[in-house]
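**Q** If you scroll down you'll find the structure; I have some questions about it.
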Amino acid sequence: MYSSVATMKATKSKKRGTHHLTRVMNALIAAGEPLTAYQVLAAVRDDGLRFPSQIYRALDRLVARGLVHRLDSVNAFVVCSCPHTDHRGVKTFTICDSCGAVQEMTSPTLDRSIHEAARATAFAAAHSSIEIRGVCQACQKQQDSPPTPI
Ligand SMILES: [Zn+2]
Ligand SMILES: [Zn+2]
């Protein structure tokens, strides 16, 4: 059982935490592209968030809520863009090495394959994500078009 003081403290820190979450979330939405923790820090620095530890805590909580995803291969964070809020499936991202654009998608076929592979080794899969690196359609078109004369 919690004492009223402990409850009050918890409520207070929860409020402040939520405030930070909103700022970090807004910075990621405004960027419209994946940001590293330090880029997030640079974006919110004037907003009262000063320390990398605050940013990491906020990012961790946003990731835990499924609002933000961590892209391991580029060490960055991106706002969830899938139309559903259910992240039980395999999170799949395409990451353009040329412009950095990230797209999130779901593939039921991929989900099944990964779960079957995990089950075959009696592994209890909790979550998984796949990052596909390459060149996006827009960048492919740019590369295909002849160089513009100077
Ligand atoms: Zn998502
Ligand atoms: Zn691109």
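The values are calculated or read from the model by the stated rules, or taken from the named source; none is laboratory data. What you are looking at is a predicted structure, and each value in this text was computed from that prediction instead of being measured. Virtual Cβ from ideal backbone geometry, glycine too; neighbours counted across all protein chains shown.
**Q** Could you tell me which residue of segment 92-127 is nearest to VAL79 (Cα to Cα), considering only residues that are in contact (Cβ under 8 Å) with a residue 12 or more places away in the chain and in a loop (DSSP other than H, G, I, E, B)?
**A** This residue is ALA101.
**Q** Can you find a residue that is more than 16 Å from ligand 2 (Cβ to nearest atom), under 14 Å from the mean Cα position of the chain (by Cα) and part of a loop (DSSP other than H, G, I, E, B) anywhere in segment 128-138?
**A** yes
**Q** Being under 15 Å from the mean Cα position of the chain (by Cα), surrounded by 12 or more Cβ atoms within 10 Å (Cβ to Cβ) and within 16 Å of ligand 2 (Cβ to nearest atom) narrows it down to one residue among VAL90, VAL74, VAL68; which is it?
**A** VAL74
**Q** A further question on this structure: Those residues that are within 14 Å of ligand 1 (Cβ to nearest atom) and not small (Gly, Ala, Ser), I need them from segment 96-115; list them, please.
**A** The answer is VAL102, GLN103, GLU104, MET105, THR106, ASP111.
**Q** Only one residue in ALA101, ALA43 is closer than 25 Å to VAL24 by Cα, within 16 Å of ligand 2 (Cβ to nearest atom), small (Gly, Ala, Ser) and at pLDDT 90 or above. Which one?
**A** On inspection, the qualifying residue turns out to be ALA101.
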